1. With just the Cα atoms defining each centre, how far is the stretch 40-62 from the stretch 7-31? Give it in Å.
2. Can you list the HN-Hα couplings for the stretch 25-37, worked out from phi with the Karplus curve (6.51, -1.76, 1.60; θ = phi - 60°), rounded to whole Hz and with x for Gly and Pro?
3. Mind checking which of V78, V100, V21 has the largest fluctuation in a GNM of the chain, springs on alpha carbons under 10 Å?
4. Taking R0 as 25 Å, what's the FRET efficiency between R38 and E73 from their Cβ-Cβ distance, rounded to 0.05?
5. Return the single residue from R62, R77, R38 with maximal mean-square fluctuation; model: Gaussian network over the chain, springs between Cα atoms under 10 Å.
6. Across the chain, how many lysine pairs, 8 or more apart or on two chains, come within less than 18 Å at their alpha-carbon atoms?
7. Any idea what log10 I(q)/I(0) is at q = 0.09, 0.17, 0.18, 0.24 Å⁻¹ for the chain, Debye with uniform C-alpha scatterers and no solvent?
8. Give me the percent of the accessible area of the chain that comes from carbon and sulfur atoms, probe 1.4 Å, all protein chains in place.
Amino acid sequence: MIWDKLWNLHLFPNDAMGTEVNFYLKQQNQYGLPLDSRKDYTKSDWVLWSAVMAPDTKTFLRFVTPIYNYINETTSRVPVSDWHDTKTANMVGFKARSVVAGYWMKVLADRLAEK
């Protein structure tokens, strides 16, 4: 859906992103949004991609703040892991991977919106 928003494709109904964002916010744990209902882990790059669907900065920060807290509070002393537990802040796997470039999705979205 984020590419639909960035490229103004209008493939999804107008309220789809709002529905998704509202649902996601209800599912969040202390250190982020779980990837699915089977486990408490997440992929932080995916969370930040999803956060760009937020309608405003306040809502965007509701997604970003738990990831920020994870990075600052985890006891896993490795370069930022993009796969972590949203309740314990423990690294599940992966470290220093290029997917964390997804952390910059908001910058891309803002730059495209300027044009």
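The values are calculated or read from the model by the stated rules, or taken from the named source; none is laboratory data. For clarity, every value in this text was computed on a predicted model and none was experimentally measured. Neighbour counts run over all protein chains shown; Cβ positions are idealised from the backbone, glycine included. The area values use the complete protein model at the heavy-atom level, side chains included, leaving out ligands, DNA and RNA. Shrake-Rupley method; radii C 1.70, N 1.55, O 1.52, S 1.80 Å.
1. Cα centres, the stretch 40-62 to the stretch 7-31: 9 Å.
2. With coefficients 6.51, -1.76 and 1.60, one gets 4, 6, 9, 5, 10, 3, 10, x, 8, x, 5, 7, 7 Hz.
3. V78
4. So the FRET efficiency works out to roughly 0.55.
5. Among R62, R77, R38, the largest mean-square fluctuation in the Gaussian network model of the chain belongs to R38.
6. Counting lysine pairs in the chain gives 12.
7. Taking Cα atoms of the chain as identical point scatterers yields -0.24, -0.81, -0.90, -1.38.
8. 56
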